[in-house]
Amino acid sequence: MKTQTVVHYFLHFGFPILIGYFFFRKEWKKVALILISTMLVDLDHLFATPIFQENRCSFGFHILHTYYAMALYVVLLFFKKPYNFIGLGLLLHMITDLIDCLFMFYQCKTCYVNTPAQGVLEFIMKFF
């Protein structure tokens, strides 16, 4: 199994459990479940053509992965429970997808020419 795959799925499923356990000890199971349930944001992949495309960076591409959507997820952080947990989960999901894109971009820099995340990826890669 590739490092990229292990990191990606750990950040989607393992990391939310750790966040719940270490930062919200009294209600860690509930928080972890909410954070993991934000994986449903990936339903927006069903509206893409094609639905699956290898090496496609979802960050900035799919409707619920756009910068406008991410701004809304930041706003959710300022609401009461459980909305702030939902916002946190969605932002963690976006960061996870960005990390996944960085893995792919590192392997194939020309794969991302004219993609929505190209500028962000190039900026971040300047530091590596």
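What follows is calculated from the coordinates using simple rules that are stated; it is not laboratory data. For clarity, every value in this text was computed on a predicted model and none was experimentally measured. Counting neighbours? That spans all protein chains shown, and the Cβs are built from the backbone with ideal geometry, glycine included.
Multiply the residue separation of F123 and C108 by 0.36 nm, subtract the distance between their alpha-carbon atoms, and state the gained length in nm to one decimal.
Gain on stretching F123 to C108: 3.8 nm.
Over all distinct alpha-carbon pairs, what is the Kirkwood Rh of segment 20-71 in angstrom?
When all Cα pairs of segment 20-71 are included, the Kirkwood radius is 12.8 Å.
About the Cα centre of segment 3-125, what is the dipole size in debye to 20, counting +1 per Lys and Arg Cβ and -1 per Asp and Glu Cβ, all else neutral?
I would put it at about 560 debye.
Which lysines, on any chain, are close to K30 with Cα under 18 Å apart, when same-chain ones fewer than 8 places away are left out?
Straight-distance partners of K30: K80, K81.
Lysines near K109 by alpha-carbon distance under 24 Å, same-chain residues fewer than 8 away left out - which ones?
K2, K126
Output the 0 to 90 degree angle, nearest 10, between the alpha-carbon long axis of helix 67-76 and the longest principal axis computed from the alpha carbons of the chain.
10
Give the distance, in whole Å, between the Cα centre of segment 1-46 and the Cα centre of segment 59-128.
15
When the Karplus curve 6.51 cos²θ - 1.76 cosθ + 1.60 is applied with θ = phi - 60°, which whole-Hz ³J(HN,Hα) does each residue of segment 82-92 get, with x for Gly and Pro?
x, 4, 5, 5, 5, x, 4, x, 5, 5, 4
What percent of all Cα-Cα pairs in the chain falls in each 10 Å bin, counting up from 0?
13, 40, 34, 12, 1
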